[in-house]
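*Asks:* One structure is given below, represented as structure tokens, and several questions about it will come after.
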Amino acid sequence: MPSFDEVLKEAGEFGRFQKRVFFLLCQTGITFSFLFASVVFLGQAPDNYWCRIPGAAELSERCGWTLEDERNFTILPLLLGNGSSSGKCERLDVAWDTSVSCASPLARYGNHSAGNLPLTACHDNWVYKQPHSSIVSEYNLVCGNVWMLDLSQAILNLGFLTGAFTLGYAADRYGRILIYLLSCLGVGICGIIVAFAPNFTVFVIFRFLQGVFGKGTWMTCYVIVTEIVGSDQRIVGIVIQIFFTLGIMILPGIAYLIPTWQGIQLAISLPNFLFLLYYWVVPESPRWLLTRKKGEKALKIMRNIAKHNGKYLSPHYSEITISNEEVSNPSFLDLVRTPRMRRNTLILMYAWFTSALIYQGLIMRIGIIGGNLFLEFFISGAVELPAALLILVTIDRFGRRLPFAISNIVAGIACFITTFLPEDIPWIKTTVATLGRLGITMAFEIVYLVNTELYPTTLRNFGVSLCSSLCDLGGIIAPFLLFRLAAIWLELPLIIFSILAVVCGLLVLLLPETKGISLPETVEDVEQLSSHFGKRGKKQKHQDTNSYI
């Protein structure tokens with residue numbers, strides 16, 4: 001009986017069928033990037049707001065004040081009497097009533113006593129010039145509540161983390177495409193509920209669930225793509241990262257055109273419902289079907305792939321070799337039970353954690369340009385495009401391991417050099433820091449590909465999901481690590497980043513090279529891989545070539 005890779009080679013490893021599926025699933029990268037980075041625009045801090053004095057609303061209505069009039073009567077006395085108060089987080093501890101003068105509501109306190117008027121903290125009486133522009137003004141996430149905005153992003157990352165475990169497991173047990181479609185439905189429904197959340201509690205609950213389902217769409221589409229193409233075409237996984245970057249570049253345009261956070265939230269959530277149409281055009285992964293002892297369904301899909309690719313499967317392909325490895329529900333122990341699986345898992349978990357920590361840390365540390373949030377965000381995404389292009393140029397020539405290691409080491413060295421560059425030449429520091437950003441972006445994108453290629457089909461989705469969950473943990477820790485260490489010494493975070501990146505670069509050299517090698521089907525296949533590509537890798541490639549003859 002022929003193996004799956006032999007059948008795939010005859011049906012077409014990257015023909016018209018795979019290109020169509022690949023392009024359709026790449027759109028998931030755009031919508032996932034919207035979810036990943038949307039807090040930047042959903043949570044914009046309002047420029048113009050103040051704390052309303054009790055009775056001001058009624059007095060304003062009686063006197064016919066505009067919001068600007070009310071603000072002047074509220075803020076000017078504070079500025080005159082207490083220059084340290086802006087009127088945003090505290091107010092005069094007085095009450096206005098309808099008996100006061102419309103022209104001078106504080107006249108009874110005397111013009112010279114404004115500085116002696118008592119002040120009190122503002123709790124829930126804020127007035128915003130644009131009340132629905134962001135979740136900050138919608139749910140009063142200002143002053144003492146500002147930490148709640150950070151909490152909302154931490155909750156989203158916690159959703160990513162939960163989705164990596166739960167939906168990664170589900171995709172290996174119930175199928176890739178089923179979990180992908182359910183995840184798309186979940187992202188869309190939760191996104192709508194988030195947009196119309198009546199309070200902050202409902203907002204964060206469904207923001208968490210949107211993170212769970214969002215991670216399901218992203219990881220599952222990535223695995224589907226890599227499992228239906230040949231070993232020489234698996235770099236298509238890198239191209240998916242380009243679509244993620246395109247989403248980062250499109251997002252500020254959406255936010256610029258839509259003035260309210262609810263509109264932005266709906267605009268980035270509703271496209272997920274379109275992915276439900278993929279039920280009719282994207283098949284289940286035939287590799288996964290083989291691991292679940294469903295060889296007939298897998299062969300039917302392969303014949304359909306061959307037909308769309310303009311090829312024909314030989315009549316003797318009546319059955320495909322099914323893995324003899326017993327299929328069971330995957331667990332973490334399966335990833336660490338054997339020596340090389342254990343080594344690969346631990347190194348990949350560290351690589352995911354380091355990439356996310358440094359990537360987000362560098363984004364928060366450097367402002368690429370100042371002043372215009374929309375333009376700044378667009379440029380920060382454009383910087384990532386060369387990373388994907390460099391990977392596409394180098395990964396087929398030099399393999400996976402060497403670019404993976406070098407990108408981490410370059411990022412580490414760039415962070416270290418940036419630490420000691422003079423402050424009076426800011427463009428040099430920005431240039432070197434951007435080089436570090438480029439290096440860690442490359443590492444971040446390569447780890448997706450390498451992670452997929454180092455796990456057997458029976459554990460692939462679960463393994464990728466579990467290891468990538470460390471990415472979400474790194475994203476949660478990054479702001480706390482950055483700001484706590486920067487309080488001690490501004491450049492201390494860069495020292496930590498450089499150490500983490502260089503260590504990661506050295507560790508990934510211990511991983512096996514997977515360039516040109518068929519995806520492993522069983523744990524035994526993974527154990528046979530060697531970190532010495534020059535010996536085992538070439539031998540494996542030779543064996544694979546002979547198997548096709």
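Nothing in this text is a laboratory measurement; each read-out follows from the coordinates by a stated rule. Keep in mind it's a predicted model, so treat the numbers as computed, not measured. Every residue, glycine as well, gets a Cβ built from its backbone with ideal geometry; the counts of neighbours run over all protein chains shown.
*Asks:* For region 390-457, take the alpha-carbon Rg, divide it by the Kirkwood Rh, and send me Rg/Rh.
*Replies:* On the Cα set of region 390-457, Rg over Rh gives 1.12.
*Asks:* Taking θ = phi - 60°, what integer Hz values does the Karplus form 6.51 cos²θ - 1.76 cosθ + 1.60 yield along region 133-150, in sequence order, with x for Gly and Pro?
*Replies:* 6, 8, 5, 5, 6, 5, 10, 6, 8, 10, 6, x, 9, 5, 5, 5, 5, 4
*Asks:* Taking amide hydrogens as modeled 1.01 Å from N in the peptide plane, which residues meet the under 5 Å criterion relative to W50, leaving out close sequence neighbours?
*Replies:* Close amide H contacts, sequence-distant or interchain: V127.
*Asks:* Once you wrap a convex hull around the alpha carbon atoms of region 379-524, what is its projected area averaged over all directions, in nm²?
*Replies:* 9.7
*Asks:* Can you list the HN-Hα couplings for region 167-181, worked out from phi with the Karplus curve (6.51, -1.76, 1.60; θ = phi - 60°), rounded to whole Hz and with x for Gly and Pro?
*Replies:* Going residue by residue, I get 7, x, 5, 4, 5, 6, 8, 10, x, 5, 5, 4, 5, 4, 5 Hz, with x marking Gly and Pro.
*Asks:* Continuing with this model, one more query. Sorted from largest to smallest, which semi-axis lengths in Å does the alpha carbon gyration tensor of region 336-422 give for its equivalent ellipsoid, taking the root of 5 times each eigenvalue?
*Replies:* Rounded to whole Å, the semi-axes are 29, 17, 14.
*Asks:* Students often get this wrong, so check it: of K19/K294; K19/K297; K19/K215; K215/K297; K129/K429; K88/K215, which have C-alpha atoms separated by over 29 Å?
*Replies:* Where the Cα-Cα span goes over 29 Å, the pairs concerned are K129/K429; K88/K215.
*Asks:* I would also like to ask the following. For labels at I496 and L178 in the simple 7 Å Cα→Cβ model, what's the distance in nm?
*Replies:* Simple spin-label model gives 4.3 nm for this pair.
*Asks:* Taking amide H atoms as placed 1.01 Å from N in the peptide plane, list the residues 5 or more away in sequence, or in a different chain, whose amide H sits under 5 Å from that of L119.
*Replies:* It is D93, by chain and number.
*Asks:* Okay, moving on. Computed FRET efficiency, Cβ-Cβ of C143 and Y312, R0 60 Å: what is it to the nearest 0.05?
*Replies:* That pair, C143 with Y312, gives E of 0.30.
*Asks:* While we're here: With label points built 7 Å along Cα→Cβ from the Cα atoms of F398 and A121, find their separation and express it in nm.
*Replies:* 5.4
*Asks:* Another one. Hey, what do the phi angles of region 151-166 turn into as Karplus ³J(HN,Hα) couplings, whole Hz, using 6.51/-1.76/1.60 and θ = phi - 60°, x for Gly and Pro?
*Replies:* Using θ = phi - 60°, the values come out as 4, 4, 6, 5, 5, 4, 5, 5, x, 4, 4, 5, x, 4, 6, 6 Hz.
*Asks:* Using +1 on the beta carbon of Lys and Arg, -1 on that of Asp and Glu, and nothing else charged, what's the dipole of region 348-440 about the Cα centre, debye to 20?
*Replies:* In debye, rounded to 20, region 348-440 gives about 320.
*Asks:* Quick one: which residues, 5+ away or cross-chain, put their amide H under 5 Å from the amide H of E90? H built at 1.01 Å from N.
*Replies:* Under 5 Å from the amide H of E90 lie the amide H atoms of C122, each far enough along the sequence or on another chain.
*Asks:* How high is the FRET efficiency from L277 to T66, r the C-beta distance, R0 60 Å, rounded to 0.05?
*Replies:* The pair L277/T66 has a calculated efficiency of 0.75.
*Asks:* If one computes the Cα centroid of region 428-495 and of region 254-290, what distance in Å separates the two points?
*Replies:* Using only Cα atoms to place each centre, the spacing works out to 25 Å.
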